[in-house]
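Undergrad: Please see the structure below; I have some questions.
Every number here is computed from the coordinates shown, using simple stated rules; none is lab data. Treat the numbers as computed from the prediction; the structure is a model and nothing was measured. Neighbour counts run over all protein chains shown; Cβ positions are idealised from the backbone, glycine included.
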Amino acid sequence: GTGWSNAGARPNSFMTYKVLSLKWRPQSFQDVVGQDHITQTLINAFDQDRIAQGYIFTGPRGVGKTTTARILAMALNADGGSSSHFDPNSETSREIADGRSLDVLEIDGASNRGIEEIRNLREQIKFAPMKGAYRVIIIDEVHMLTTPAFNALLRTLEEPPPHGKFIFATTDIHKVPATIISRCQRFDFNRISLQVISERLEFILKEEGISFDPESINAIARKADGSMRDGLSLLDQAISFCGKEINYEGVVKALGLITDELYFEFTRCIREKDSTGMVNLLSSFSRFGIPAPEVMVGIGGHIRNILYAGVRDGESLLEMNREHKQKYIQESETWDRRDLLRMSQVLTDVLSTIRRAEDPYLLLEMTALKLLEMDQSVYIDQIISGGGSSPKIKVGIPKNASLGSPLK
């Protein structure tokens, strides 16, 4: 995992080219963003001299687990004694960051998962550190270890030698035995918010001297889905395509995104019962070459945004810029919330089967045409009183009728 900040972190520019996620990798606790609850706790632990013998970091991919583990190792072996305010450019810190330190052993749980490797670790941690104060063992993807390997770790993890520290990182905490977790301090890393990812991407682009527009940053941050590393990988891709000027059209092409206009067109076609427009729109989706389940998820998210925009103060929950919010607020004014909820339910039902369907696009098209046949909702008392007075409302489907069947 990798975590990031908006200030302080300077790129390590000793190679000709490094991907952005490595070039701008944080080198101190202050540099990590979106995980303040963790970095502050660790800084306080150093200030109070309350360092645990084992830590386990868990959370989704690309949010800073491995990066924080390395920073913790740097702080433990800081020049002049353990401190959270260490110099990230010191020789010791550089060795740890580059994986050259003799006192910090970083292993991958996926490729060192057997009992033999863990026995070797147990032997190695017995030896005193060469330069620093501690011998630190970092095991990434620790959930990949076998059950016998976990059992071999238990004793050493509970009572390691005074100079021994363990740091584990995992994306699948439920695969780690409770006996291991209870011997460590557990830190849960959050998904990084859209705003934090956007700010970080803007900061990096300014430092790199690349111009951009807010829409493209917003699109990349949304596609990153809470992972800073994903966001930086996507940004790398966008820079490769667009060069020194990143624009929304280029980002859409480079990353194969579906533009918001297509989603708004989808809801317009349903609202206005425009079957010709819907057929043309469906062919546009297939031309983009994006998998049908992804299109379906996108439409579901779009309908959710309309629902939120129609709730009082609900637009504050939408992670997007002001222009986008305004578009959703205007769209929500043309919809009855009950119709949106019914559409959402139909999409949710189909989404559970579309991944296993032989022809997912056919299922997507049939679902879209099915939604065209849905009538608007009415309250039961409006039917009783003769159809209601609102011009927006047509008599709709009774609960026991199938979609599209005429009302008797």
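Undergrad: Along the principal axes of its C-alpha atoms, what lengths does segment 101-242 span, in descending order and rounded to whole Å?
TA: For segment 101-242, the Cα extents along the three principal axes come out at 55, 35, 24 Å.
Undergrad: Once the convex hull of the alpha carbons of segment 116-180 is built, what does its volume come to per residue, in cubic angstrom?
TA: Spelled out: Cα convex hull of segment 116-180, divided by residues, is 82 Å³.
Undergrad: Around Ala73, under 9 Å between beta carbons, what's the net of Lys plus Arg minus Asp minus Glu among the other residues?
TA: Taking every other residue near Ala73 into account, the sum is 0.
Undergrad: Could I ask something else about it? State, to one decimal in nm², a quarter of the convex hull surface area for the C-alpha atoms of the chain, i.e. the direction-averaged projected area.
TA: 25.2 nm²
Undergrad: With N set to the residue count of segment 146-212, report its C-alpha Rg divided by 2.2 N^0.38 Å to two decimal places.
TA: Taking the Cα Rg and dividing by 2.2 N^0.38 Å, one obtains 1.77.
Undergrad: Continuing with the same structure: Show me 58-68, 300-310, 21-31, 44-54 ranked by packing, highest mean number of other Cβ atoms within 10 Å first.
TA: Those peptides, ordered most packed to least, come out 58-68, 21-31, 300-310, 44-54.
Undergrad: Over all Cα pairs of segment 194-255, how is the pair count split among 5 Å bins, expressed in % and running from 0 up to the last occupied bin?
TA: For segment 194-255, the pair-distance distribution reads 4, 23, 37, 27, 9, 0.
Undergrad: Given R₀ = 30 Å, FRET efficiency for Ala178-Arg100 by Cβ-Cβ distance, to 0.05?
TA: The value I calculate is 0.30.
Undergrad: Determine the relative contact order of the chain: mean sequence separation of Cα pairs under 8 Å and six or more apart, normalised by residue count, in whole percent.
TA: 13 percent
Undergrad: Local charge sum around Glu91 (other residues, Cβ-Cβ under 13 Å, Lys/Arg +1, Asp/Glu -1)?
TA: In short, -2.
Undergrad: Per the Debye formula with a single identical scatterer at each Cα and no solvent contribution, what log10 I(q)/I(0) holds for segment 39-165 at q = 0.11, 0.18, 0.20 Å⁻¹?
TA: Results for segment 39-165 at q = 0.11, 0.18, 0.20 Å⁻¹ read -0.37, -1.02, -1.26.
Undergrad: Can you tell me the length gained on complete extension of the stretch His37 to Thr146, counting 0.36 nm per residue apart and subtracting the Cα distance?
TA: That works out to 36.1 nm of additional length.
Undergrad: Mind checking segment 88-160 for trypsin sites (Lys or Arg not before Pro) that DSSP puts in a loop (not H, G, I, E or B) and that have at most 13 other Cβ atoms within 10 Å?
TA: Arg100, Lys126, Lys131
Undergrad: With a point put 7 Å past each Cα toward its Cβ, work out how far Asp236 is from Asn280 in nm, to one decimal.
TA: 4.0 nm
Undergrad: Between Arg186 and Thr348, 0.36 nm times their residue separation minus their Cα-Cα distance comes to what?
TA: Contour length minus Cα-Cα distance gives 54.9 nm.
Undergrad: Something else now. Taking the Cβ of each residue in Thr267, Thr334, Thr353, Thr16 as the centre, tally the other Cβ atoms inside 10 Å and list the residues starting with the fewest.
TA: Listing Thr267, Thr334, Thr353, Thr16 from fewest to most nearby Cβ atoms yields Thr16, Thr353, Thr334, Thr267.
Undergrad: Determine, for Glu294, Glu95, Glu333, the number of other Cβ atoms within 10 Å of each Cβ, and report the residues in order from fewest to most.
TA: If I rank by nearby Cβ atoms, fewest first, I get Glu333, Glu294, Glu95.
Undergrad: Could you grab the Rg to Rh ratio for segment 308-351? Cα atoms only, Kirkwood for Rh.
TA: 1.03
Undergrad: Once the other residues with Cβ under 11 Å from the Cβ of Ala128 are scored (Lys, Arg +1; Asp, Glu -1), what is the net sum?
TA: With Lys, Arg at +1 and Asp, Glu at -1, the neighbours total +2.
Undergrad: Now a separate question. For labels at Leu317 and Asp225 in the simple 7 Å Cα→Cβ model, what's the distance in nm?
TA: In this crude spin-label approximation the distance works out to 2.1 nm.
Undergrad: Need one number for segment 185-228: average projected area of the convex hull over its C-alpha atoms, nm².
TA: For the Cα atoms of segment 185-228, the hull's average projected area reads 3.6 nm².
Undergrad: How big is the dipole moment of segment 18-129 about its Cα centre under a simple scheme where the beta carbon of each Lys and Arg is +1, that of each Asp and Glu is -1, and everything else is neutral? Debye, nearest 20, please.
TA: With only Lys, Arg, Asp and Glu charged at Cβ, the dipole is about 400 debye.
Undergrad: Next up: Using Cβ counts within 10 Å as a stand-in for footprinting exposure, how do Ile258, Ile220 rank, fewest first?
TA: The fewest-first ordering by Cβ neighbours comes to Ile258, Ile220.
Undergrad: Please tell me which of these pairs span more than 21 angstrom C-alpha to C-alpha: Lys65/Lys126; Lys23/Lys206; Lys23/Lys165; Lys126/Lys175; Lys325/Lys370?
TA: Lys65/Lys126; Lys23/Lys165; Lys126/Lys175; Lys325/Lys370
Undergrad: Let me check the size of segment 260-374 from its C-alpha atoms; what are the radius of gyration and Dmax in Å?
TA: My reading of the Cα-based Rg and Dmax gives 13.9, 42 Å.
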